[in-house]
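Written below as structure tokens is the structure these notes are about.
The values are calculated or read from the model by the stated rules, or taken from the named source; none is laboratory data. Bear in mind the structure is a predicted one, so any value in this text is a computation, not a measurement. A quick note on method: Cβ atoms are made from the backbone with ideal geometry, for glycine too, and the neighbour counts reach across all protein chains shown. To get the accessible areas, we keep the full protein, side chains included, count just its heavy atoms, and leave off ligands, DNA and RNA. Shrake-Rupley method; radii C 1.70, N 1.55, O 1.52, S 1.80 Å.
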Amino acid sequence: MATRGEIENYLNQLLVADRFKDYGPNGLQVEGKPVVHKVVSGVTASLALIDAAIDAGADAILVHHGLFWRGHDGRLTGWLRARVARLMAHAINLYAYHLPLDAHAEWGNNAQLGLQLGLRADARFGEQDLGFIGPATGVSDAQALAVRAGAVLGRAPLLLPGDGRPLQRVAWCTGGAQGYFEAAIAAGADAFLTGEVSEPQAHLARETGVAFLACGHHATERFGAPAVAAQLAQALGLQHQHIEIDNPA
Ligand SMILES: [Zn+2]
């Protein structure tokens, strides 16, 4: 077991949370009971995850997508009230780490997705060094990379094939990182893999020849929170359970 504060300190240090400019607060977002025995990890602090964590007997939840984002007006009404009320009724601590949890070189979403795909970064690119890039180990072309990603993630990616060139370097960034495509191209990628796609990336793939793969926001961000929570649990003597709440987006 560990105290609420020990957990936050450990996570802040492990993830170097104060290094990042982010879209919401990183760390303890909702204060619950002072002592924690069991932590549940998940991707998003949705009502479904909160309910599942209550059923699992959790004292704390660690997520990548927390509750409070820049641009929200701060009112606790509707769905947001329901989520916060459920947490507070059960005195569950909610810890959320967004960009720090994407970026960690070993336990973060990008590193863990790379591990799943058999890719290892030897450089970083893009804003706050969030993008990962490395040799295209064992994938000859974008089609082969799409097949591998589909097998690992359990869903077929949307592939914009580029010019069909052989792959030397693959870049990736989990979640909604489609805006990093140009930075990936500038960093020397022959293919860029992320969660989501928007309209401009189709043209960029055609005009630059660099392939683009949209593999699902949730699907690409499933691996960081459980990896970090496993480290936390081991270091502070907690029980840990990862709960997957399926999300097709
Ligand atoms: Zn995300």
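Computed values, structure above
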item: Which numbered condition D102 misses (of (1) acidic (D, E); (2) within 16 Å of the ligand (Cβ to nearest atom); (3) farther than 20 Å from T194 by Cβ); result: (3)
item: All positions within segment 181-222 that are of a type in the set (S, T, Y) and within 13 Å of the ligand (Cβ to nearest atom); result: T194, T220
item: Subset tally (residues that are charged (D, E, K, R) and without any contact (Cβ under 8 Å) to a residue 24 or more places away in the chain) for segment 227-245; result: 0
item: Members of segment 133-177 found to be assigned to a strand (DSSP E or B), hydrophobic (A, V, I, L, M, F, W, C) and open to solvent by 10 Å² or more (accessible area, probe 1.4 Å), listed by number; result: L158, L159, L160
item: Residue in segment 63-73 that is more than 25 Å from T220 (Cα to Cα), out of contact with any Cys (no Cβ under 7 Å at 6 or more places or on another chain) and more than 16 Å from the ligand (Cβ to nearest atom) present; result: yes
item: Every pair of residues 6+ apart whose Cβ atoms lie under 9 Å, when the first sits in segment 132-160 and is of a type in the set (D, E) while the second is assigned to a helix (DSSP H, G or I) and surrounded by 21 or more Cβ atoms within 10 Å (Cβ to Cβ); result: none
item: Flag for L80 being in contact with a His (Cβ under 9 Å, 6 or more places away or on another chain), away from the ligand (no atom under 16 Å from the Cβ) and without any contact (Cβ under 8 Å) to a residue 40 or more places away in the chain; result: yes
item: Conditions (1) more than 17 Å from A146 (Cβ to Cβ); (2) of a type outside the set (G, A, S); (3) within 17 Å of the chain's Cα centre (by Cα): number failed by T220; result: (1)
item: Subset of segment 184-214 that is part of a helix (DSSP H, G or I) and touching a residue at least 24 places away in the same chain (Cβ under 8 Å) - its residue that is most open to solvent (accessible area, probe 1.4 Å); result: R206
item: Selection count, segment 13-68, where residues are aromatic (F, W, Y) and part of a strand (DSSP E or B); result: 0
item: Failed condition for V30, given (1) open to solvent by 40 Å² or more (accessible area, probe 1.4 Å); (2) over 21 Å from A177 (Cβ atoms); (3) of a type in the set (V, I, T); result: (1)
item: Flag if A121 is at pLDDT 95 or above and within 16 Å of the ligand (Cβ to nearest atom); result: no
